[in-house]
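The block underneath contains the structure these notes are about, expressed in structure tokens.
The values are calculated or read from the model by the stated rules, or taken from the named source; none is laboratory data. It should be emphasised that the depicted structure is a prediction, and the values quoted were computed from it without experimental measurement. Methodologically, a virtual Cβ is constructed for each residue, glycine included, from the backbone with ideal geometry; neighbour enumeration extends over all protein chains shown.
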Amino acid sequence: MTVYTPEDYSKYRIERAKETIREIQDHIDNKYWNTAINRMYYACFYAVSALMTVNSIDISSHSGVRQKFGELFAKTGKIDRDLAKHFTELSEKRHKGDYNDFYDFDEETVLRLYPVSQRFIEQIEKILEK
């Protein structure tokens with residue numbers, strides 16, 4: 001039986017984040033705006049999960065991840081506050097897009113958020129490399 005370390009899980013999750021952020025371009029090309037928002041959120045969520053795992057922080061809910069991320073990384077200056085706010089914005093938009101009927105995102109919103117999501121993941125990857 002293989003035993004995985006927190007570093008193994010962290011590496012796996014950051015790779016999932018990078019894979020997911022790359023797939024968003026296909027959703028943009030096909031004008032799947034809600035799906036693009038959903039995948040942006042999950043790409044960033046996977047990156048934050050990698051950060052939590054390598055720091056031995058075990059959280060079982062999305063809201064718990066956002067709260068701990070803000071507390072331990074945004075408020076302490078370990079990650080840029082604007083990028084931390086971006087994660088919260090994505091979370092709110094993903095929730096609306098997934099659960100509210102007749103709630104559709106547009107190209108402008110997706111194209112505004114996509115490069116910020118890429119920077120978010122890049123910054124977390126740099127933190128993990130330290």
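Some observations on this one:
- Flag if Asp80 is among the acidic types (Asp, Glu), surrounded by 13 or more Cβ atoms within 10 Å (Cβ to Cβ), touching a residue at least 12 places away in the same chain (Cβ under 8 Å) and in contact with a helix residue (DSSP H, G or I) (Cβ under 7 Å, 6 or more places away or on another chain): yes
- Counted residues, the stretch 90-130 - those being touching a residue at least 60 places away in the same chain (Cβ under 8 Å) and either closer than 11 Å to Ala47 by Cβ or part of a helix (DSSP H, G or I) (or both): 16
- Where Ser60 falls short, out of the listed (1) over 25 Å from Tyr114 (Cβ atoms); (2) surrounded by 14 or more Cβ atoms within 10 Å (Cβ to Cβ); (3) among the polar types (S, T, N, Q): (2)
- Only one of the listed residues (Phe69, Phe87) is closer than 16 Å to Phe45 by Cβ, out of contact with any Pro (no Cβ under 6 Å at 6 or more places or on another chain), at pLDDT 95 or above and not in a loop (DSSP other than H, G, I, E, B). That residue is Phe87.
- Residue among Ala74, Ala47, Ala36 that alone is under 10 Å from the mean Cα position of the chain (by Cα) and surrounded by 19 or more Cβ atoms within 10 Å (Cβ to Cβ): Ala47
- Ile28, sole failed condition from (1) closer than 16 Å to Ile124 by Cα; (2) in a helix (DSSP H, G or I): (1)
- Qualifying residue in the stretch 104-113 (condition: within 16 Å of the chain's Cα centre (by Cα) and either surrounded by 13 or more Cβ atoms within 10 Å (Cβ to Cβ) or more than 18 Å from His27 (Cα to Cα) (or both)): yes
- Some residue of the stretch 21-29 being more than 17 Å from Leu128 (Cα to Cα), among the hydrophobic types (A, V, I, L, M, F, W, C), buried (at least 19 other Cβ atoms within 10 Å of the Cβ) and under 16 Å from the mean Cα position of the chain (by Cα): yes
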